[in-house]
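All remarks here apply to the structure that follows.
The values are calculated or read from the model by the stated rules, or taken from the named source; none is laboratory data. Everything numeric in this text was worked out from a predicted model, so none of it was measured. Ideal geometry is used to build each Cβ from the backbone, glycine not excepted, and the neighbour counts take in all protein chains shown. Ligands, DNA and RNA are excluded from the accessible area calculation, which covers all protein heavy atoms including side chains. Shrake-Rupley method; radii C 1.70, N 1.55, O 1.52, S 1.80 Å.
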Amino acid sequence: ICGIQFNVARSKSTFQSSSYNGAYELGDIPVGSNLAVDGNWVEFTHTQEQVSPWWKLYLSHQYSIDKIAVYNRDGFYSRLSGFRVEIFIFGVSVFQYNDPNVSALGLTIIDVPSGTVGNEVVVSIPGNTAKILSLGEVEVYGAIHKENVTALSKAATQSSVSRSLSYQVSQSR
């Protein structure tokens, strides 16, 4: 497992600062945060218009991250204008990318410095002006960090054993 590169974002838990509540105007298309990691670039996330909207991906493990691909919503390129991508490890920012483009086109591929380890990725549009954050897809390429797999090949010990738990387990068989 360790060292093999793949899209570690696919189907992971996501959150966003708000969700657009006017889905009827979009033909009842869902616009939730999970649509950015479903493998379908046609469906998209959509926050309400707000100051500093954000979208967060929780990876559930630590990953060595090499690249991040951010797919903009087709036809609404200005919505990602000035976006930021950050990688966090247990709430501490370890990498930040600020997009220099005035209007981010369809796909932005971000090279992440070697050795960057994280368990969360956040896409945001910082600033004091109300904006809508809309993402077509976010892909995070990396491999599970070696510290996550270290215990798989090691002996385990514990300080004590509960007799009542052992008794309950043996009685239930």
Rounded to the nearest 10 Å², the accessible area of Ser13 using a 1.4 Å probe with every protein chain kept is 60
Any residue on another chain or 5+ positions along whose placed amide H is under 5 Å from the amide H of Ser18 is listed here as Gln48, Trp54
In whole Hz, the Karplus estimates of ³J(HN,Hα) for the stretch 52-67 (6.51, -1.76, 1.60; θ = phi - 60°; x where Gly or Pro) are 6, x, 9, 9, 10, 10, 9, 7, 6, 9, 7, 10, 7, 9, 10, 8
For the stretch 39-132 the chymotrypsin sites (Phe, Trp or Tyr not before Pro) that pass both the DSSP coil test and the at-most-10 other-Cβ-within-10 Å test are Phe90
